[in-house]
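Report on one structure; see the data block that follows.
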Amino acid sequence: MAMDALDYGDLSAEELRHRLEEAEETLRAIREGEVDALMVRNPRSEDEVFTLEGGSSYYAFMEAMDLGAAAFDETDRLLYANKALRELLHLPGENVEIAHLSAALDEEARLLVYGLMRDARDAKKTSEIRVLVGNDELHVLVTAAPLHVGGNRGLAVTFTDITAKVRAAAAEASERAAHSIIASANEAVVVCDVNGVVTHANAAVASIYSGNPIGRVFGEVIPLTLPDTTGLLQAGDIIALAIAGTSVQGIEALAPEAPRVRDVLLSAAPLRVGSDKVSGCVITMVDLSQRKAAEKQQLLLMGELDHRVKNTLALVLSICKRTASTEETVSGFQVAFSGRIQALAATHNLLADRSWSSISIAEVVNAELDPFVGSAQARLSVEGLEALVMPRAAIALGLVIHELATNAVKYGALSQESGRVNVTVSKSADEPFLSVDWVESGGPLVQQPTRRGFGQTVITRSLQYSPNGGAQIDYPAEGVRCRIRIPEEDLVRA
C-alpha cells in the first residue's frame, strides 16, 4: 500500500474523499492480513518501504536476500537495487540508477530484460540472459513479477546467477558426448586421471589388453616400448607430457604383451573438462598391424624388384653381346637385338600387369607371336595353353617362342602361305615337367643348320636353370620341331 505525506489543505473535496477511501482500504487490508509492508512517499518525494512488524525498513529485507533484486515503479523507474545485485553486475555502491543497470548489460541482454518487464505487468515472467562481467561470462536467470502496494503498481525483478549450474550441465553433456565418441571409436582409446590411472576405456582396448584396465595404472596394464626413440623416451614420459599439458602425436610403439594388436601408433593429449585445468589425458592407440604387414611386403617387393632389375640387365647385356657376336652387320644387329629386347619387354609387361604373380602359357605365346602372325593368324594353331607358370619360366618361355617365331618367319613354315605352326601343351603324370611342343609343317624343306647361332643357344639354354627344364630342337625335312620343358616347380597348381 502507498501513503503520501501531503498537505491536505491543498486538496479538493473530491481528492480528499479519494484519499479517505484509500486509507480505509489500507486499514481493511492490514486487519485481514493482506499487507505485510507499506511503501510511503515522504515530504521529500522519496519512497520508503516499511514492514508492519515494528516499522523496520523493507529495504532491509531486500538486502538480506541472496539473490540480486531490484524494485521498479510503474514507470519503470528503478527504486532500489540490493547489495547482491550490485555485486553481481558490478553496479555502484550507492544511488544506483536505471542507466547503471543498462550499462551493465549488452544490447541483447537489455532487450531481453526490458521485454521481460513489459510482459510481466500482469503475470510473472522468466528468461535466461548472458552477461559479460569483466572477463567472465555469467548466465543469469531473470524473473520479473508485478508488485502491488496499495494503489501503486510496479515490478519486482530478481537476478539469479546460474553460471555454475549451466557449466555443470555443459560439462555433463560434454562428458556424455565424450563417452559416446570414445565408445564408437574404432581405435583403442584410454582416459587417465592426473595420476595415470585409467578411468575410461573403449571396447577396442581389448585387442591390446584382455582384462579390465579401469582403476589401474596405464603403464602397468598396457606396457609399451618405443623402438624408434633409442630408449631415451619411454611411454610413461609421453603420458606425463600429456598430463602436464603437452600433446604428443604419432609415436610408433610396441605392446609386447598384447593378445592381438602389438604394433600401435601412440598419441596422448591433455584432458580438459569444463575449465582450462588439465584433469588427465586421453590416449589413442591405432592398430598398425596392416601397415606393418604392408611395409614388410613393400620391402620384399623392393628387394624382389632390385633382384629382377639386376637379372634383367644382366640378361640384356648377355643378349647384346651374343647378338653382336653372331651378326655380321650393324643393321642386322639392330634388328635382331631390338626384336629380342621387345620379346623380353612383352613378357615383362604381362607380368607387371599381374603384379609379378603368374600368367598363362597362352598369354606368353600370344604376346610373342602377335608381331609375326598378323594376317597369318589362320596358319597358327594353339591348344591346351591354359596352364599357369611362374615369372622366371614365363620370361624364358617368351624368349624361346620369340626365337622360334623369328626363325619360322625367315626360313620356316611362316615364310610361305602353305606353312602352318601348331603349338600344344601336354603333361604326363610321371614326368616332372610340362611340355610345350612347337611343330611346323607345310613350309620349305628344312636342313640341319651348318653352324650354331645365338637363337639356337637361347632356345636350348633358357630353361636350364632347373634340371627338369630345357628345350630340344630338331630339324626334320617337313618342318622344325621343338619340345620345351617347363619345370614342375614353376607350374601353378589350380
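Restricting the first member to segment 197-209 and to residues that are farther than 18 Å from residue 280 by Cα, and the second to residues that are modelled with pLDDT under 85 and basic (Lys, Arg), the beta-carbon pairs closer than 6 Å and six or more apart or on different chains are 207/260. Pairs are defined by a Cβ separation below 7 Å, a sequence spacing of at least 6 or placement on different chains, a first member in segment 219-238 that is among the acidic types (Asp, Glu), and a second member that is modelled with pLDDT of 75 or more; the pairs so defined are 228/252. Considering only residues that are not in a loop (DSSP other than H, G, I, E, B) and not hydrophobic (A, V, I, L, M, F, W, C), which ones fall in segment 207-223? Within segment 207-223, 207, 219, 220 qualify. Number of residues in segment 428-452 that are in a loop (DSSP other than H, G, I, E, B) and hydrophobic (A, V, I, L, M, F, W, C) equals 3.
Here's the yes/no breakdown for (1) under 20 Å from residue 391 (Cα atoms); (2) buried (at least 16 other Cβ atoms within 10 Å of the Cβ); (3) assigned by TED's automatic domain parsing to the domain that holds residue 465; (4) touching a residue at least 24 places away in the same chain (Cβ under 8 Å):
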| site | (1), (2), (3), (4) |
| --- | --- |
| 311 | yes, no, yes, no |
| 318 | yes, no, yes, no |
| 324 | no, no, yes, no |
| 331 | no, no, yes, no |
| 335 | no, no, yes, no |
| 342 | yes, no, yes, yes |
| 345 | yes, no, yes, no |
| 349 | yes, no, yes, no |
| 354 | yes, no, yes, no |
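Would you be able to tell me the number of residues in segment 347-371 that are of a type in the set (Ser, Thr, Tyr) and in a helix (DSSP H, G or I)? Residues meeting the conditions: 1.
Being without any contact (Cβ under 8 Å) to a residue 24 or more places away in the chain, outside any strand (DSSP E or B) and closer than 30 Å to residue 272 by Cβ holds for only one residue in 168, 164, 123, and it is 164. Within segment 372-400, restricting attention to residues that are within 19 Å of residue 343 (Cα to Cα) and part of a loop (DSSP other than H, G, I, E, B), the residue that is modelled with the highest pLDDT is 390. Here residue 215 passes the criteria (1) touching a residue at least 40 places away in the same chain (Cβ under 8 Å); (2) assigned by TED's automatic domain parsing to the domain that holds residue 281; (3) among the small types (Gly, Ala, Ser) except the one numbered (1). Set side by side, the residues 446, 436, 421 differ, and just one is assigned by TED's automatic domain parsing to the domain that holds residue 360, touching a Gly at 6+ places or on another chain (Cβ under 7 Å), in contact (Cβ under 8 Å) with a residue 24 or more places away in the chain and under 21 Å from residue 372 (Cβ atoms), which is 446.
Among residues of segment 384-401 being under 43 Å from the mean Cα position of the chain (by Cα) and among the hydrophobic types (A, V, I, L, M, F, W, C), the one that is farthest from residue 365 (Cα to Cα) is 390.
Of all residues being charged (D, E, K, R) and part of a helix (DSSP H, G or I) in segment 171-206, which is modelled with the lowest pLDDT? Just the residue, please. Give the steps one after another, and end with the answer.
Taking segment 171-206 as the starting set, the residues that turn out to be charged (D, E, K, R) are 172, 175-176, 187, 193.
Going one step further and asking which of them are part of a helix (DSSP H, G or I), we end up with 172, 175-176.
Values: 172: 77, 175: 72, 176: 76.
The extreme case among them is 175.
Of the residues in segment 152-161, not one is over 16 Å from residue 78 (Cβ atoms), in contact with a strand residue (DSSP E or B) (Cβ under 6 Å, 6 or more places away or on another chain) and surrounded by fewer than 17 Cβ atoms within 10 Å (Cβ to Cβ).
Residues in segment 93-120 that are assigned to a loop (DSSP other than H, G, I, E, B) and under 53 Å from the mean Cα position of the chain (by Cα): 3 in all.
In segment 369-390, the residues that are more than 13 Å from residue 491 (Cβ to Cβ) form Cβ pairs under 9 Å with partners that are modelled with pLDDT of 85 or more and exposed (fewer than 12 other Cβ atoms within 10 Å of the Cβ), at six or more places apart or across chains, as follows: 376/417; 379/417; 379/418.
Could you grab me the full set of residues in segment 474-487 that are without any contact (Cβ under 8 Å) to a residue 60 or more places away in the chain and of a type outside the set (Asp, Glu)? Quick ask: steps written out before the conclusion?
Here is the first cut: in segment 474-487, the residues without any contact (Cβ under 8 Å) to a residue 60 or more places away in the chain are 474-478, 481, 483, 485.
Those that are without any contact (Cβ under 8 Å) to a residue 60 or more places away in the chain and of a type outside the set (Asp, Glu): 475, 476, 477, 481, 483, 485.
The values are calculated or read from the model by the stated rules, or taken from the named source; none is laboratory data. Because the structure is predicted, anything quoted here is derived from the model rather than measured. Reconstructed Cβ throughout: ideal geometry from the backbone, glycine too, with neighbour counts over all protein chains shown.
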